[in-house]
Amino acid sequence: MNISIATRADIPSLVVLVNSAYRGEGAKKGWTTEADLLDGIRTDASSLTAMLNKAGATMLLYRNNERLLAGCVYLEQQPDTVFLGMLILSPLLQAGGIGKQLLQAAEDFAKRNGVDSISMMVISVRHELIAWYERHGYEKTGETKPFPTDPAFGIPKQPLEFIGMKKMI
């Protein structure tokens with residue numbers, strides 16, 4: 001696998017990857033886009049820096065054979081779980097198995113760190129994405145959270161909320 005741990009030097013490339021996968025017309029080339037749900041950018045360099053500086057945080061990167069950044073997943077060690085966020089692939093490389101590799105790497109990370117579950121929050125109307133996680137053993141927890149009102153997370157085009165998902169590993 002072409003998976004490594006992100007450093008601060010990777011932040012400029014991560015900003016481009018994350019925003020290209022989630023927002024704008026280019027994101028619509030992939031099936032995991034949020035472009036029809038949210039306007040604005042998904043992240044910026046200062047937000048990613050804060051995420052990487054958070055205690056217990058790790059960002060795994062997937063680079064293709066040309067060493068270009070093609071995917072990532074954010075992991076945050078918590079007392080009884082690893083929180084998973086920003087599982088992202090370049091829109092042009094989706095549906096090729098890279099997401100499965102990153103998800104497996106995340107589960108391996110949790111096991112190595114002595115945790116027996118992975119949890120996440122997913123926008124409730126992202127039905128295809130929820131179904132993809134369910135096919136990989138994740139279950140809805142019943143937990144919900146409102147979508148942030150801070151425009152730094154994006155500007156919703158409709159009312160949105162998160163649902164919790166979890167997998168015992």
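The values are calculated or read from the model by the stated rules, or taken from the named source; none is laboratory data. Worth saying up front: this structure is predicted, and the values here are computed from it rather than measured. Note that each Cβ is placed from the backbone with ideal geometry, even for glycine, and that neighbours are counted across all protein chains shown.
The table for this structure:
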| quantity | calculated |
| --- | --- |
| Qualifying positions in the range 31-50 - touching a residue at least 24 places away in the same chain (Cβ under 8 Å) and of a type outside the set (Val, Ile, Thr) | Trp31, Glu34, Asp36, Leu37, Leu38, Asp39, Gly40, Arg42, Asp44, Ala45, Ser47, Leu48 |
| Residue under evaluation Asp116, criteria (1) within 20 Å of Val73 (Cβ to Cβ); (2) touching a residue at least 60 places away in the same chain (Cβ under 8 Å); (3) exposed (fewer than 13 other Cβ atoms within 10 Å of the Cβ), criterion not met | (2) |
| Meets criteria (at pLDDT 95 or above, more than 24 Å from Leu160 (Cβ to Cβ), hydrophobic (A, V, I, L, M, F, W, C) and crowded, with 21+ Cβ neighbours inside 10 Å) for Leu60 | yes |
| Search result, residues across the range 63-85 that are acidic (Asp, Glu), in contact with a strand residue (DSSP E or B) (Cβ under 9 Å, 6 or more places away or on another chain) and surrounded by fewer than 13 Cβ atoms within 10 Å (Cβ to Cβ) | Asp80 |
| Total residues in the range 120-168, condition surrounded by 16 or more Cβ atoms within 10 Å (Cβ to Cβ), over 16 Å from the mean Cα position of the chain (by Cα) and not hydrophobic (A, V, I, L, M, F, W, C) | 1 |
| Filter result (within 14 Å of Val15 (Cα to Cα) and not in a strand (DSSP E or B)) within the range 59-86 | Leu68 |
| Lone qualifier among Ala55, Ala21, Ala50 - being at pLDDT 80 or above, among the small types (Gly, Ala, Ser) and either buried (at least 19 other Cβ atoms within 10 Å of the Cβ) or not in a loop (DSSP other than H, G, I, E, B) (or both) | Ala50 |
| Yes/no for Val122 being farther than 13 Å from Val18 by Cα, modelled with pLDDT of 90 or more and outside any loop (DSSP other than H, G, I, E, B) | yes |
| Output for the range 25-47, where each listed residue is in a loop (DSSP other than H, G, I, E, B) and at pLDDT 80 or above | Leu37, Arg42, Thr43, Asp44 |
| Any hit, the range 95-118, residues being assigned to a strand (DSSP E or B) and at pLDDT below 95 | no |
